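> I'd like to ask you about the structure that follows.
The values are calculated or read from the model by the stated rules, or taken from the named source; none is laboratory data. None of the values given here were measured: they were computed from a predicted structure. A quick note on method: Cβ atoms are made from the backbone with ideal geometry, for glycine too, and the neighbour counts reach across all protein chains shown. Note: areas computed on protein heavy atoms with side chains; ligands, DNA, RNA excluded. Shrake-Rupley method; radii C 1.70, N 1.55, O 1.52, S 1.80 Å.
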Amino acid sequence: MKNDVIRGKTAIVGLGSSNFGDMYRQRDAQRSAEDLGAAALRQALDDAGLAKSDIDGLCLMRIPSYQTFGSMLGLDPGQLRHVSQYEAAGRMAGVAMQAAAMAIASGMAETVALVYGNNGRSVGARYGGDYSYGALSSYESVYGMTSPGAGVGLAYSRYVKEFGVPDDALAPLAISNRKFAMNNELAVMRKELTYDDYMNSRYIAEPLRLFDYCLINDGAVAMIMTSAERAADLRKPPVLIDSMGANTTVATTYQVQDNFWASATDVADRLWSESGLSPADIDVASIYDNFTPTILFSLEAFGYCKRGSGWEFVRDGRIEAGGELPVNTSGGHTSESYMQGWNHLAELVRQVRGESANQVPNCGYAHYVCYSPIITSIVFSKA
């Protein structure tokens with residue numbers, strides 16, 4: 001959808017989130033994605049000053065049944081005009097939010113609840129180690145490509161060779177994430193991470209080390225979206241969707257020879273040209289980091305720096321508090337929580353509201369990027 005159609009028409013007005021750190025320290029085999037999502041939704045409704053009877057749209061991710069979840073909530077027959085349900089893949093967070101925005105802008109719904117729930121740590125979830133995660137991945141497993149980390153590690157190895165990147169190039173990313181998480185009461189990992197800690201950590205899929213990997217943890221995030229007109233009368237300052245875009249490839253992860261570059265630059269070109277914004281206008285960014293190299297790929301594709309120079313761009317505090325472009329100010333997927341994009345989106349809402357634990361002064365524009373098989377990008381702004 002063209003940004004002149006969507007711009008300023010929809011807003012996030014309610015936000016709810018688990019305390020990821022508390023849940024990480026206390027596993028519970030009885031914990032369900034539905035229960036976690038319902039708790040976060042109650043928070044989001046209260047945050048917005050709305051009741052569940054105000055919801056006429058429901059968008060779920062990683063919660064397996066909208067019917068079961070709707071019944072748990074006690075929603076009335078005929079209440080929902082828009083329902084959508086997304087698989088447990090991080091690329092879907094941006095897709096879900098964009099779909100909800102389009103539903104509201106087109107009049108299909110007025111107030112949509114977006115709910116994500118994840119009990120992965122308590123039930124012993126693992127990402128990788130077999131070839132069950134993709135239709136064609138059995139052909140890749142014979143080469144040892146049995147996890148997303150292996151694929152990103154391979155892509156980063158090519159990047160290192162092509163651009164002459166040093167061995168410690170990813171350290172600033174993991175360390176910056178941890179510095180932000182140390183000040184975030186919701187975060188899982190709040191102990192200082194030093195350069196030596198990072199460099200001495202073991203390889204998981206070389207050249208990726210332990211601290212280049214996302215967490216596996218429990219938690220939930222919920223948001224309430226509505227029209228900009230209705231948002232103006234609610235409890236919290238509305239956070240508008242200023243612009244957004246997406247592009248995808250239908251090939252499986254490791255068969256994309258350009259590592260999603262064409263898709264990402266297509267989104268970037270349309271986002272900036274249609275919005276009239278540029279990277280210089282952005283005050284803070286949340287970049288999907290299931291593995292730290294995706295931060296570099298994202299910064300380059302969206303024009304914050306030249307291709308091959310992202311590892312230089314992130315050095316010397318540029319992405320930390322007080323830097324030119326603070327990135328992942330809640331601690332990211334490697335230190336705050338792995339909510340498959342949703343904690344990133346939540347943090348940008350807090351930043352625009354002025355409620356972040358690591359608040360960027362005068363935050364006017366906040367940028368979400370997911371560099372994955374489905375590239376999504378959303379710019380949030382103040383009303």
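Yes/no per residue for (1) touching a Lys or Arg at 6+ places or on another chain (Cβ under 8 Å); (2) crowded, with 20+ Cβ neighbours inside 10 Å:
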{"site": "Gly14", "(1), (2)": "yes, yes"}
{"site": "Phe20", "(1), (2)": "no, yes"}
{"site": "Ser32", "(1), (2)": "no, no"}
{"site": "Pro77", "(1), (2)": "no, no"}
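> Which one is modelled with the lowest pLDDT, of the residues in the range 1-53 that are among the basic types (Lys, Arg) and within 19 Å of Thr68 (Cβ to Cβ)?
Within the range 1-53, the match that is modelled with the lowest pLDDT is Arg31.
> Among what's in the range 45-75 and is among the acidic types (Asp, Glu) and surrounded by 19 or more Cβ atoms within 10 Å (Cβ to Cβ), pick the residue that is farthest from Val221 (Cα to Cα).
In this case the residue turns out to be Asp56.
The rows are residues; the columns are (1) out of contact with any helix residue (DSSP H, G or I) (no Cβ under 8 Å at 6 or more places or on another chain); (2) at pLDDT below 95; (3) farther than 29 Å from Asn19 by Cα.
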{"site": "Ser176", "(1), (2), (3)": "yes, no, no"}
{"site": "Pro207", "(1), (2), (3)": "no, no, yes"}
{"site": "Leu215", "(1), (2), (3)": "no, no, no"}
{"site": "Met225", "(1), (2), (3)": "no, no, no"}
{"site": "Leu240", "(1), (2), (3)": "no, no, no"}
{"site": "Gly245", "(1), (2), (3)": "no, no, yes"}
{"site": "Val250", "(1), (2), (3)": "yes, yes, yes"}
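> Specify the residue that is modelled with the lowest pLDDT; the eligible residues are those in the range 263-290 that are among the charged types (D, E, K, R) and open to solvent by 10 Å² or more (accessible area, probe 1.4 Å).
As a first pass, look at the range 263-290 and keep what is among the charged types (D, E, K, R): 266, 269-270, 274, 281, 283, 289.
With the extra rule that they be open to solvent by 10 Å² or more (accessible area, probe 1.4 Å), the set shrinks to 266, 269-270, 274, 281, 283.
Values: Asp266: 97, Asp269: 97, Arg270: 96, Glu274: 92, Asp281: 98, Asp283: 98.
Once the filter is applied, the top-ranked residue is Glu274.
> Sticking with this structure for a sec: Among the candidates Gly74, Gly90, which residue alone is of a type outside the set (A, V, I, L, M, F, W, C) and at pLDDT below 90?
Working: Gly74 fails: at pLDDT below 90.
One residue alone meets the criteria, Gly90.
> Criterion first (in contact with a strand residue (DSSP E or B) (Cβ under 6 Å, 6 or more places away or on another chain) and closer than 18 Å to Pro279 by Cβ) does Val349 satisfy it?
Values: in contact with a strand residue (DSSP E or B) (Cβ under 6 Å, 6 or more places away or on another chain): yes; closer than 18 Å to Pro279 by Cβ: no.
Considered against the rule, which asks whether it is in contact with a strand residue (DSSP E or B) (Cβ under 6 Å, 6 or more places away or on another chain) and closer than 18 Å to Pro279 by Cβ, Val349 comes out as no.
> Identify all residues within the range 207-239 that are in a helix (DSSP H, G or I) and open to solvent by 30 Å² or more (accessible area, probe 1.4 Å); write none if there are none. If you could, list the steps in order and put the result at the bottom.
Start the filter on the range 207-239 by keeping residues that are in a helix (DSSP H, G or I), which leaves 210-212, 228-231.
Selection gives Leu210, Phe211, Glu229, Arg230.
> Also, quick follow-up: It is to be established whether one or more residues within the range 338-353 are open to solvent by less than 10 Å² (accessible area, probe 1.4 Å), farther than 24 Å from Leu240 by Cβ and at pLDDT 95 or above.
no
> Which residue pairs have Cβ atoms closer than 6 Å, lie 6 or more positions apart in sequence or on different chains, and pair a first residue in the range 330-357 that is on the phi > 0 side of the Ramachandran plot with a second residue that is at pLDDT below 95?
Gln340/Gly90; Gly341/Gly90
> Can you list residue pairs whose Cβ atoms sit under 9 Å apart, with the first residue in the range 183-195 being more than 11 Å from Phe211 (Cβ to Cβ) and touching a residue at least 60 places away in the same chain (Cβ under 8 Å) and the second being among the basic types (Lys, Arg) and in a loop (DSSP other than H, G, I, E, B)? Count only pairs 6 or more apart in sequence or on different chains.
Asn183/Arg190; Asn184/Arg190
> I need the full set of residues from the range 269-325 which are in a loop (DSSP other than H, G, I, E, B), touching a Cys at 6+ places or on another chain (Cβ under 6 Å) and under 30 Å from Asp4 (Cβ atoms), in order please. Let's see the steps before the verdict.
Kept after step one, since they are in a loop (DSSP other than H, G, I, E, B), are these residues of the range 269-325: 276-278, 282-283, 288-290, 292, 302-309, 314-325.
Keeping just the survivors that are touching a Cys at 6+ places or on another chain (Cβ under 6 Å) gives 283, 288, 290.
If the condition is that a residue be in a loop (DSSP other than H, G, I, E, B), touching a Cys at 6+ places or on another chain (Cβ under 6 Å) and under 30 Å from Asp4 (Cβ atoms), then Asp283, Tyr288 are the ones that fit.
> May I pose another question? For the range 193-204, check the following and say yes or no: at least one residue is of a type in the set (Lys, Arg), part of a loop (DSSP other than H, G, I, E, B), open to solvent by 20 Å² or more (accessible area, probe 1.4 Å) and at pLDDT 95 or above.
The answer is yes; a qualifying residue exists.
> Just the residues that are part of a strand (DSSP E or B) and open to solvent by 20 Å² or more (accessible area, probe 1.4 Å), please, taken from the range 240-262. Reasoning before the result, please.
The first filter runs over the range 240-262 and keeps only residues part of a strand (DSSP E or B), leaving 240-248.
Those that are part of a strand (DSSP E or B) and open to solvent by 20 Å² or more (accessible area, probe 1.4 Å): Leu240, Ala246, Asn247, Thr248.
> Here's another thing I want to ask about it. Could you pull out the residue among Ser381, Ser356 that is in contact with a strand residue (DSSP E or B) (Cβ under 6 Å, 6 or more places away or on another chain), among the hydroxyl-bearing types (Ser, Thr, Tyr) and not in a helix (DSSP H, G or I)?
On inspection, the qualifying residue turns out to be Ser381.
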